[in-house]
Amino acid sequence: MPAVSTNTIDSRHGLLRRGMHLSLIVIIWNVIEAVVAVTAGMIASSVALISFGIDSSVEVLSAVVVFWRLRAETRGGGVGRAERLERRAAPITGGLLLLLAIYITVDAGRRLLGYGEEATTSLAGIVLTLVSLVVMPLLGWAKLRTADALDSATMRADSYETIACAWLSLTALVGLGLNAVLGWSWTDPLAALLILPLIIREGLEAFTRREEDA
């Protein structure tokens, strides 16, 4: 019996470490993604890229909270503090995403009506969203499997945010690609508007999220 208990604890610690490693990878990637996307978006006057980059920066906060939560459990203490942090951070994350939705609505709508600069071709943006379209689903599903094994609601929610990022990548990539190939600059703000439902859903879910597991 003691051997089974020890093996169970060791197995959970292994899952916790795997979750921490995955969260750390997501944090690093999203920081890179945010910097490149926002910079490339400003250079190309791309509301789709800027929005994509801001969303990535908001996701960093969620991944940091998950990392802290898992690390607290591996160290055998501070779990309560990590849970309180999660409860405080979730509404902040949700609020930032909803503010992003307002920004997209105003800026993309303004550009579609003919106000503001037209988006230009961004090779960096195309490469970034293409890579993200491959990387994010792999990370998301790996995190989701780990979250299910740990029965962690916090990590599960964060996993779905990572998977949703892939859909944002696809939408942004289509808009950037059509603009680059056909010169349809209006597809950039349209692509930004198409990601609104996902961003609003993420925002509302994060805003109302509460820690469900210990």
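Throughout, read-outs are computed from the coordinates displayed, never taken from laboratory work. Because the structure is a prediction, the values reported are computed rather than measured. Note that we place each Cβ from the backbone using ideal geometry, even for glycine, and neighbour counts take in every protein chain shown.
Determine ³J(HN,Hα), in whole Hz, for all residues of segment 20-29 in sequence, where each value follows from phi through the Karplus function 6.51 cos²θ - 1.76 cosθ + 1.60 and θ = phi - 60°; x replaces Gly and Pro.
5, 5, 5, 5, 5, 4, 4, 4, 4, 5
What's the percent breakdown of Cα-Cα distances in segment 118-191 across 10 Å bins, shortest bin first?
Spelled out bin by bin, segment 118-191 gives 22, 38, 22, 14, 4 percent.
Measuring from label point to label point, each 7 Å out along Cα→Cβ, what is the R75 to V134 span in nm?
Computed distance between label sites R75 and V134 equals 3.7 nm.
With label points built 7 Å along Cα→Cβ from the Cα atoms of W141 and V181, find their separation and express it in nm.
Each label point lies 7 Å from its Cα, and together they span 2.5 nm.
I need the peptides 162-169, 123-130 ranked by packing, meaning the mean over residues of other C-beta atoms within 10 angstrom, with the highest value on top.
On the way: 162-169: 22.0, 123-130: 20.0.
Output ranking for 162-169, 123-130: 162-169, 123-130.
Pop the C-beta distance of E117 and L24 into the FRET formula with R0 = 35 Å and round what comes out to the nearest 0.05.
Details: r = 37 Å, r/R0 = 1.06.
With a Förster radius of 35 Å, E is 0.40.
Using 1/(1 + (r/R0)^6) with R0 = 25 angstrom and r between the beta carbons of T105 and Y160, what's the FRET efficiency to the nearest 0.05?
The pair T105/Y160 has a calculated efficiency of 0.60.
Once phi is turned into ³J(HN,Hα) by the Karplus curve 6.51 cos²θ - 1.76 cosθ + 1.60 with θ = phi - 60°, what whole-Hz value does each residue of segment 158-168 show in order, with x for glycine and proline?
Taking θ as phi minus 60°, the curve returns 5, 5, 5, 5, 5, 5, 4, 4, 5, 5, 5 Hz for segment 158-168.
Once the Cβ-Cβ distance between I43 and H13 is put in as r, and R0 is 41 Å, what FRET efficiency do you end up with, to the nearest 0.05? Intermediate results must be reported in sequence, preceding the final value.
Working: r = 45 Å, r/R0 = 1.11.
Using R0 = 41 Å, I get an efficiency of 0.35.
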